[in-house]
Structure formats: C-alpha cells, structure tokens
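Chemist: Please find one structure pasted underneath; my questions will follow.
The values are calculated or read from the model by the stated rules, or taken from the named source; none is laboratory data. Predicted model only: the values in this text are computed from it and were never measured. When we count neighbours, we look across all protein chains shown, and the Cβ atoms used for this are built from the backbone with ideal geometry, even at glycine. Each accessible area value is taken on the protein alone, full model and side chains, heavy atoms only, with ligands, DNA and RNA left out. Shrake-Rupley method; radii C 1.70, N 1.55, O 1.52, S 1.80 Å.
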Amino acid sequence: MKIAVGSKNPVKIKAVEYTLQEARIQGSFMSIDAPSNVSEMPFSDEETMQGAINRAEYCLKHMEADVAIGLEGGVMETPFGLFLCNWGALAENGKTTLLAGGARIKLPDEIAVNLRAGEELGPLMDIYSRRENVRSKEGAIGIFTNGMVNRDELFIHIMKLLIGQKGDWLK
C-alpha cells in the first residue's frame with residue numbers, strides 16, 4: 001500500500017508515520033508539499049476542513065498513492081473567543097473522504113486580535129514565544145498548554161480517528 005501525506009511539515013509527517021506504525025499498517029510512505037487552496041490562516045472549521053480535504057485529494061491526483069492524508073490547522077470564531085482548530089482528511093480513489101477534528105483551546109486575546117487583523121498564527125507564535133519555527137515543533141497548542149499537549153500529539157489523535165473510521169486496515 002502506498003500512503004501519501006500532503007505536507008512537508010515535520011510535525012505532520014511525524015504524526016502520520018507514528019500512527020501508522022502504532023496501528024501496524026505497512027506500506028510505503030511519501031510526502032508532498034500539497035496546497036491547501038484555502039487562506040494561509042483558515043478562519044473557520046469549514047475552511048480548515050476544506051484545506052485538509054484539498055491536501056489529501058491533491059496527493060491522490062499527483063502521486064501514485066492508495067491512501068492520502070491531509071492535515072490542516074486553523075482557527076474558529078465563537079461567542080467565547082477565537083479557538084485553535086485542527087482537521088484531518090483521509091482520501092482514497094472512489095471512496096468518501098473521511099474527516100476528523102482535534103481538540104480546541106481558546107487563544108489569548110492578544111493573539112486573537114492580531115489574527116483577526118489578518119496576521120498568520122505561525123509567525124505570531126514565534127514572536128509571542130520568542131522561539132523559532134513553533135509551527136514545526138510544539139505548535140501554538142504546546143505553547144498555550146505549557147507542553148502538556150503538543151502539535152504532533154494533536155495530529156496523532158486526528159490520525160487515530162481517521163484510521164479508526166477506515167477500519168478495514170485493522171482486519
């Protein structure tokens with residue numbers, strides 16, 4: 001089985017590889033920098049979901065993959081404030097694309113204000129945390145949970161939800 005992930009982000013790749021290994025799913029694994037075709041900073045569940053779907057479907061069209069994974073992070077506005085959201089998609093030719101979402105956490109107002117003004121979360125987190133490339137390491141979730149939950153763990157959870165829905169891998 002050929003499995004593709006639509007990202008070159010090391011956190012996303014690690015999450016996919018780890019989960020496939022843990023589930024004892026064998027096959028060749030490849031990654032490609034697949035476009036999300038949504039905003040750089042997706043601003044709703046729907047837009048973030050669409051980004052994950054677009055990444056997975058891009059893999060199917062541009063790689064010889066049996067299964068394709070798209071993972072996307074974004075934010076969503078609620079009456080209680082701006083929250084992180086993360087979504088994943090698992091696509092196969094001729095089958096319905098599976099979707100799964102991850103945990104959410106309210107962003108501090110000082111971050112939310114800048115996001116609403118059009119800035120992107122990754123660069124904001126680098127400035128806020130005084131660290132480099134947070135998006136490819138612990139992610140905003142890692143910063144705001146003091147390392148209790150990191151970005152790779154969030155995407156591992158999403159991957160487990162996707163693999164569990166697929167089911168036929170586990171037989």
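Chemist: Take peptides 33-45, 79-91 and line them up by average Cβ neighbours within 10 Å, highest first, as a rough protection proxy. Each step should come with its number before you reach the end.
Modeler: Values: 33-45: 16.8, 79-91: 19.8.
Highest mean packing first, the order is 79-91, 33-45.
Chemist: Relative to the present Cα-Cα distance, how much length would full extension add between Ser129 and Glu40 at 0.36 nm per residue of separation? Kindly include the intermediate steps, with their values, before the conclusion.
Modeler: Values: separation 89, 0.36 × 89 = 32.04 nm, distance 2.03 nm.
Difference between extended and current length: 30.0 nm.
Chemist: Something else about it: Is it possible to state the helix-based mean residue ellipticity at 222 nm for the chain, with each DSSP H run of 4+ residues giving -39500 (n - 2.57), the sum divided by total residues, to the nearest 500 deg cm²/dmol? What is it?
Modeler: Details: 6 runs with 70 residues, N = 171.
After summing the helix terms and dividing by residue count, I get -12500 deg cm²/dmol.
Chemist: Treat region 47-171 as a sphere of radius equal to its Kirkwood radius over Cα pairs and apply Stokes-Einstein at 37 °C in a medium of 0.692 mPa s; give the translational diffusion coefficient in µm²/s, rounded to a whole number.
Modeler: Numbers: Rh = 15.4 Å.
It comes out at roughly 213 µm²/s.
Chemist: Under the rule of at least 5 residues apart or a separate chain, name every residue whose amide H is placed under 5 Å from the amide H of Val5.
Modeler: Here Met30, Ser31, Ile32, Ile69 satisfy the definition.
Chemist: Among Lys2, Lys8, what's the order by accessible area (1.4 angstrom probe), most exposed first?
Modeler: Heavy-atom accessible area, descending, gives Lys8, Lys2.
Chemist: For region 103-115, take each phi angle, set θ = phi - 60°, evaluate the Karplus expression 6.51 cos²θ - 1.76 cosθ + 1.60, and give the result in whole Hz per residue in order, putting x for glycine and proline.
Modeler: Result, ordered by residue: 4, 10, 8, 6, 7, x, 4, 5, 7, 4, 4, 5, 5 Hz.
Chemist: Now for a separate question. Please go through the residue pairs Lys95/Lys160; Lys61/Lys137; Lys2/Lys166; Lys106/Lys166 and name each one whose alpha carbons sit more than 26 Å apart in this structure.
Modeler: On the way: Lys95/Lys160 19 Å; Lys61/Lys137 29 Å; Lys2/Lys166 15 Å; Lys106/Lys166 30 Å.
Those over the limit are Lys61/Lys137; Lys106/Lys166.
Chemist: Using a probe of 1.4 angstrom, how much of the accessible area of region 5-157 is carbon and sulfur, in percent? Don't skip to the answer; put the middle values down first.
Modeler: Numbers: 3780 of 7670 Å².
Heavy-atom surface of region 5-157 belonging to carbon and sulfur, 1.4 Å probe: 49 percent.
Chemist: Length gain on complete extension for the stretch Met76 to Arg24, per 0.36 nm per residue less the alpha carbon to alpha carbon distance?
Modeler: So the chain would gain 15.3 nm between Met76 and Arg24.
Chemist: Output ³J(HN,Hα) for region 49-59: one whole-Hz value per residue in order, computed from phi by the Karplus curve 6.51 cos²θ - 1.76 cosθ + 1.60 with θ = phi - 60°, and x for Gly and Pro.
Modeler: With coefficients 6.51, -1.76 and 1.60, one gets 4, 4, x, 5, 4, 4, 5, 5, 5, 4, 4 Hz.
Chemist: To the nearest 0.05, what FRET efficiency results for Glu119 and His62 with a Förster distance of 22 Å applied to their C-beta separation?
Modeler: Details: r = 30 Å, r/R0 = 1.38.
Approximately 0.15, to the nearest 0.05.
Chemist: What's the FRET efficiency of Glu110 with Glu17 using the Cβ-Cβ distance as r and R₀ = 41 Å, to the nearest 0.05?
Modeler: Working: r = 35 Å, r/R0 = 0.85.
After rounding, the FRET efficiency stands at 0.75.
Chemist: Would you mind getting the accessible area per residue of region 1-142, heavy atoms of the protein chains only, 1.4 Å probe, in Å²?
Modeler: On the way: 7050 Å² over 142 residues.
On a per-residue basis, region 1-142 sits at 50 Å².
Chemist: Could you run the Karplus curve 6.51 cos²θ - 1.76 cosθ + 1.60 with θ = phi - 60° over region 130-145 and give me ³J(HN,Hα) per residue in whole Hz, x for Gly and Pro?
Modeler: 3J(HN,Hα) across region 130-145, in whole Hz: 6, 10, 9, 6, 4, 4, 9, 10, 6, x, 4, 4, x, 5, 7, 10.
Chemist: Which cross-chain or sequence-distant (5 or more) residues have an amide H under 5 Å from the amide H of Leu82, H modelled 1.01 Å from N in plane?
Modeler: Correct list: Leu107.
Chemist: Just to confirm the filter: which GluC sites (Glu not before Pro) across region 97-135 are DSSP coil and have at most 13 other Cβ within 10 angstrom of their Cβ?
Modeler: Values: sites: Glu110, Glu119, Glu120, Glu132; in loops: Glu119, Glu120, Glu132.
Qualifying residues, ordered by number: Glu120, Glu132.
Chemist: If you rank Ile25, Ile158 by how much accessible surface each has, with a 1.4 Å probe, what is the order from largest down? Provide the component values of the computation, followed by the final result.
Modeler: On the way: Ile25 25, Ile158 0 Å².
My answer, sorted largest first, is Ile25, Ile158.
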